[in-house]
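Can you read through this structure? Questions will come right after.
The values are calculated or read from the model by the stated rules, or taken from the named source; none is laboratory data. Treat the numbers as computed from the prediction; the structure is a model and nothing was measured. Cβ coordinates were reconstructed from backbone atoms using ideal geometry, including for glycine residues, and neighbour counts include every protein chain displayed. Just so you know, the surface numbers come from the protein's heavy atoms only, side chains and all, with ligands and any DNA or RNA stripped out. Shrake-Rupley method; radii C 1.70, N 1.55, O 1.52, S 1.80 Å.
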There are 2 protein chains.
Amino acid sequence: MGLSKREQLLRTALALFKKHGFHAIGVDVIAHRSGVTKKTLYHHFRSKDELILAVLRYYDERFRNHFIRQVESRAKTPLRRLTALFDVAKDWFNENDFYGCLFVGALGEFPEPDTAIRNACRESKNLMRDYFRELAEGAGASKPKELADQLLLLMEGAITMAQVNHSPFSAQQAKAAARVLIRNARSSAQ
Amino acid sequence: MGLSKREQLLRTALALFKKHGFHAIGVDVIAHRSGVTKKTLYHHFRSKDELILAVLRYYDERFRNHFIRQVESRAKTPLRRLTALFDVAKDWFNENDFYGCLFVGALGEFPEPDTAIRNACRESKNLMRDYFRELAEGAGASKPKELADQLLLLMEGAITMAQVNHSPFSAQQAKAAARVLIRNARSSAQ
DNA sequence: TTTAAAGTATACAGATCAGTATATTTTAAT
DNA sequence: ATTAAAATATACTGATCTGTATACTTTAAA
């Protein structure tokens with residue numbers, strides 16, 4: 001047996017939202033392309049907003065897990081992993097279905113503050129930041145939180161510019177900048 | 001006499017697109033809130049897409065001019081201006097109608113490559129990058145283009161994180177990182 | 001003062017939007 | 001085999017979407 005209907009709906013909606021955004025995609029096309037009726041969609045999700053939220057959570061966990069796993073397999077020390085972040089990002093930017101950060105897209109389409117959708121986006125970035133901080137500590141940075149936040153800015157900037165230029169080159173630029181920031185943070189540690 | 005109808009439409013549409021994005025805002029509400037009929041809207045713009053494009057161009061020129069003017073008035077040497085970029089960004093993040101970068105929002109909603117809308121977004125970022133490069137050269141960086149691109153990554157990252165956290169603090173984090181990158185680029189110049 | 005452009009008011013077309021209703025069929029566990 | 005949940009097919013509501021049509025009025029320049 002294949003995927004559950006719920007999982008099928010989440011996957012289809014994710015692919016469509018990634019490419020076209022949220023308001024441009026209707027529930028009809030999501031149901032149809034999932035091989036499911038609209039009634040079934042509304043059986044699993046009370047509303048389109050709830051589906052969107054479920055998609056964000058679904059994607060958040062899978063993406064971050066995959067990203068971190070890639071980093072961990074590619075480099076074996078916290079110091080090396082700090083730069084490997086940008087190698088993994090480069091692979092991501094090269095994927096066919098890369099259309100920028102889904103969460104940033106959601107923030108741009110749902111302005112109401114303190115809503116479930118916006119909070120999910122912030123939480124996702126926070127969890128990634130936590131991983132950066134863990135690595136920065138392990139790498140012996142003098143102020144690991146500051147270094148992690150700076151590297152996160154480079155990462156987010158690289159994501160944006162990869163989308164703008166339809167090129168993964170920003171990942172290399174960010175990696176070069178990251179090396180400077182890391183060296184600086186470690187030398188001030190002495 | 002007040003603004004021309006065309007200008008009024010551009011301003012209204014800009015404010016609405018900035019907050020809600022593009023697909024979530026209909027031409028009816030734009031016309032109505034401009035105090036204009038839909039017929040008049042379609043007299044000035046052939047389609048909604050053309051209105052969107054006009055809004056992007058309108059905003060691009062005004063925003064960049066304003067941004068650069070602020071930088072130039074706040075600091076008087078290229079070196080100081082390189083860090084002043086992030087002070088001006090902080091003011092921007094503090095504005096009531098700050099909802100992230102309009103162009104990044106457009107990229108998230110219009111996936112079709114090589115379209116007028118996407119090209120306008122890329123062009124806008126290119127022009128800002130050119131200004132960064134001009135400053136980096138004037139500041140005596142060893143590789144001014146590289147420094148400028150790195151600072152642009154920090155800037156874009158700061159914009160994203162300001163929206164995520166609804167806080168201008170990312171501007172200060174980016175400024176601190178920028179200082180390190182600038183110092184490094186100037187010391188390797190010797 | 002004539003005249004053409006720009007504007008208004010209003011309604012409409014045809015499509016699509018989110019979400020619901022009805023009635024039937026499949027599925028899976030007891 | 002029975003039964004309840006899950007799914008189907010289909011149609012519908014009422015709203016909203018982009019874009020157009022018709023008929024009338026204002027505006028501003030020649």
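Might you let me know whether the stretch A:17-29 holds any residue that is away from every other protein chain (no Cβ under 14 Å) and more than 12 Å from DNA strand C (Cβ to nearest atom)?
Within the stretch A:17-29, none of the residues are away from every other protein chain (no Cβ under 14 Å) and more than 12 Å from DNA strand C (Cβ to nearest atom).
If A:Arg133 passes every condition in (1) more than 12 Å from every other protein chain (Cβ to nearest Cβ); (2) in contact (Cβ under 8 Å) with a residue 40 or more places away in the chain; (3) not β-branched (Val, Ile, Thr) but one, which one does it miss?
(2) is the only condition that A:Arg133 fails.
Provide a single number: the residues in the stretch A:2-34 that are at pLDDT below 95 and more than 11 Å from DNA strand D (Cβ to nearest atom). Break it down stepwise before answering.
Residues of the stretch A:2-34 that are at pLDDT below 95, as a first pass: A:2-5.
Retained after the next criterion (residues that are more than 11 Å from DNA strand D (Cβ to nearest atom)): A:2.
So the answer is 1.
Let me ask another. For the stretch B:11-27, which positions are without any contact (Cβ under 8 Å) to a residue 24 or more places away in the chain and in contact with a Leu (Cβ under 9 Å, 6 or more places away or on another chain)?
B:Arg11, B:Ala24, B:Ile25
A follow-up question, please. Does A:Gly105 qualify as being within 16 Å of DNA strand C (Cβ to nearest atom) and more than 30 Å from B:Met161 (Cβ to Cβ)?
Values: within 16 Å of DNA strand C (Cβ to nearest atom): yes; more than 30 Å from B:Met161 (Cβ to Cβ): no.
No, not satisfied.
Please list, ordered by first then second residue, the pairs with beta carbon atoms under 9 Å, 6 or more apart or interchain, first in the stretch A:78-89 and in the same structural domain as A:Met128 (by TED's automatic domain parsing) and within 16 Å of A:Gly140 (Cα to Cα), second aromatic (Phe, Trp, Tyr) and modelled with pLDDT of 95 or more.
A:Leu82/A:Phe132
Still on this structure: Looking only at the stretch A:2-16, filter to residues that are open to solvent by 50 Å² or more (accessible area, probe 1.4 Å) and farther than 25 Å from B:Arg118 by Cβ; which one of those is nearest to the other protein chains (Cβ to nearest Cβ)?
Only one residue fits best here, namely A:Arg11.
So, one more: Pairs needed: first member in the stretch A:39-54, within 22 Å of A:Cys121 (Cβ to Cβ) and open to solvent by 40 Å² or more (accessible area, probe 1.4 Å); second member anywhere, more than 8 Å from DNA strand D (Cβ to nearest atom) and at pLDDT below 95; C-beta distance under 7 Å; at least 6 residues apart or different chains.
none
Listed here are the residues, each with its yes/no results for (1) surrounded by fewer than 17 Cβ atoms within 10 Å (Cβ to Cβ); (2) within 20 Å of the chain's Cα centre (by Cα); (3) assigned to a loop (DSSP other than H, G, I, E, B); (4) modelled with pLDDT under 95.
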site: A:Ala106; (1), (2), (3), (4): no, yes, no, no
site: A:Glu112; (1), (2), (3), (4): yes, no, yes, no
site: A:Ile117; (1), (2), (3), (4): no, yes, no, no
site: A:Asn126; (1), (2), (3), (4): yes, yes, no, no
site: A:Ser142; (1), (2), (3), (4): yes, no, yes, no
site: A:Leu152; (1), (2), (3), (4): no, yes, no, no
site: A:Met155; (1), (2), (3), (4): no, yes, no, no
site: A:Ala178; (1), (2), (3), (4): no, yes, no, no
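Right, next: With respect to A:Leu151, is the statement that it is more than 8 Å from chain B (Cβ to nearest Cβ), closer than 21 Å to A:Ala176 by Cβ and in contact with a Phe, Trp or Tyr (Cβ under 7 Å, 6 or more places away or on another chain) true?
Criteria met by A:Leu151.
Let me ask something additional. With (1) open to solvent by 40 Å² or more (accessible area, probe 1.4 Å); (2) modelled with pLDDT of 95 or more; (3) farther than 30 Å from A:Ile25 by Cα as the list, and A:Ala189 as the residue in question, which single condition is left unmet?
(2)
Would you point out the residue of the stretch A:164-190, among those that are in contact (Cβ under 8 Å) with a residue 12 or more places away in the chain and hydroxyl-bearing (Ser, Thr, Tyr), that is farthest from A:Ser142 (Cα to Cα)?
Going through the qualifying residues, I end up with A:Ser167.
A further question on this structure: Would you pick out the residues in the stretch B:83-104 that are open to solvent by less than 20 Å² (accessible area, probe 1.4 Å) and more than 14 Å from chain A (Cβ to nearest Cβ)?
B:Ala84, B:Val88
Being farther than 18 Å from B:Ala15 by Cβ and within 15 Å of the chain's Cα centre (by Cα) is the filter; apply it to the stretch B:37-66 and report the residue that is nearest to DNA strand C (Cβ to nearest atom).
Step by step, filter the stretch B:37-66, then rank; the result is B:Asn65.
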